[in-house]
1. Just the residues that are polar (S, T, N, Q) and over 17 Å from residue 67 (Cα atoms), please, taken from region 213-241.
2. Could you list all residues from region 279-301 that are modelled with pLDDT of 85 or more and part of a loop (DSSP other than H, G, I, E, B)?
3. Is at least one residue of region 270-278 under 21 Å from residue 230 (Cα atoms), at pLDDT 90 or above and surrounded by fewer than 22 Cβ atoms within 10 Å (Cβ to Cβ)?
4. Regarding region 230-239, can at least one residue be identified that is surrounded by fewer than 24 Cβ atoms within 10 Å (Cβ to Cβ) and in a helix (DSSP H, G or I)?
5. Criterion first (surrounded by 22 or more Cβ atoms within 10 Å (Cβ to Cβ), modelled with pLDDT under 95 and assigned to a helix (DSSP H, G or I)) does residue 22 satisfy it?
6. Could you list all residues from region 133-166 that are in a loop (DSSP other than H, G, I, E, B) and more than 18 Å from residue 42 (Cα to Cα)?
7. Using the structure shown, decide if residue 70 is touching a Leu at 6+ places or on another chain (Cβ under 8 Å) and modelled with pLDDT of 95 or more.
8. Please enumerate the residues belonging to region 59-70 that are within 14 Å of residue 113 (Cα to Cα) and part of a helix (DSSP H, G or I).
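The values are calculated or read from the model by the stated rules, or taken from the named source; none is laboratory data. All values derive from a computational prediction rather than experimental measurement. Cβ: placed from backbone, ideal geometry, glycine included. Neighbour counts: every protein chain shown.
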Amino acid sequence: MTTLRKIFLRREAGIAVMIVLFCLAVGAVKPQFLTLDQLRIILLLTPLIMIGAMGQMLVIVARHVDLSIGSMLGVSAMVSGMLYRYDATWFGVDLPWWSGIPISIVVGALLGLGNGLLITLFRLPAIIVTLGTLSLYRGLTFIISNAKQIDRQWIPSELKGLAQTSPIMGIPWIIFIAFGVALLTYFFAMHTRVGRQIFALGSNPVAAPLRGIKVNQVTLLVFAISGALSGLAGILYASRWGFVNPSNTGSGFEFQVIAAVVIGGASINGGVGTVLGTVLGVLLLGCVSAALPLLGIPGTSQAAIYGAVILIALVIDRSVRQQGIASLKRARA
């Protein structure tokens, strides 16, 4: 089997082709789209989605889905924002600016664990549970904030600096954090026993217990990870935009994240998914989001085009995989 054929057999090949074709098409109309400045804009559109997508990928691989990810982001961001607003202390000691990061992660993890407990204890479908907690957690955001926004002046300048300052090449810290999360997810999913158990559970949930896999514990873990990464995305949302609004923080986030994971080749039927594919799916969404305003497309039409690109990406991805499988069969014949 040639190297080229091996490449086209990979699930990520279709989405990579789609990214190249899309960028070339937009660049032909708007040459500035192919500049380094535009690349920076695209990268700035992806960190939050990438972080959330890593947790969602693990959930989908385990044959579940988490629709509450945007609401968990909102609650986590609001809890941290409230701490900053009221100058919270811990045993009489003022909390440093970075304390919001672990607090937001813990809040998200607890919310995700709540999803997992409802699913495992009551044997409920994840899509139903998280559809309910999507509204429950969104309402919780309003309750804890008293429906008041955390304004820019309450967000520490150091936290906002994560999205504005750069250690190298003008690339903000928030982007390095996102790719760091993706790298850690790769090592966890591919090089740990628990990571392999997640794939085994999604591939065959009936046989998983017979192989010694503790199904409930693995399910709780993937939902806790999804929540924790939603919490991290929540505090970084405050860094990126400089405010936290209870009505729209994280709204629609679940659609973007699930779209990125599915575009990246993860199977809704479980057992299949890669970090590389998910990263490519996130980058495609970033390219689309950056291109539409540049092309002067009105906001009322952006959602339709956004969905169309997702469908086209899925078709191309499927076609490339089918061609690769056909080539493999011919080589074996």
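1. 216, 217, 239
2. Let us first name the residues in region 279-301 that are modelled with pLDDT of 85 or more, namely 279-296.
Answer for region 279-301, where residues must be modelled with pLDDT of 85 or more and part of a loop (DSSP other than H, G, I, E, B): 295, 296.
3. yes
4. To start, the set of residues in region 230-239 that are surrounded by fewer than 24 Cβ atoms within 10 Å (Cβ to Cβ) comprises none.
No, region 230-239 contains no residue that is surrounded by fewer than 24 Cβ atoms within 10 Å (Cβ to Cβ) and in a helix (DSSP H, G or I).
5. Judged against the criteria, residue 22 is not a match.
6. 146, 147, 148, 149, 151, 155, 156 - these are the residues of region 133-166 that are in a loop (DSSP other than H, G, I, E, B) and more than 18 Å from residue 42 (Cα to Cα).
7. Working: touching a Leu at 6+ places or on another chain (Cβ under 8 Å): yes; modelled with pLDDT of 95 or more: yes.
So residue 70 passes the test.
8. Residues satisfying the conditions are 59, 69.
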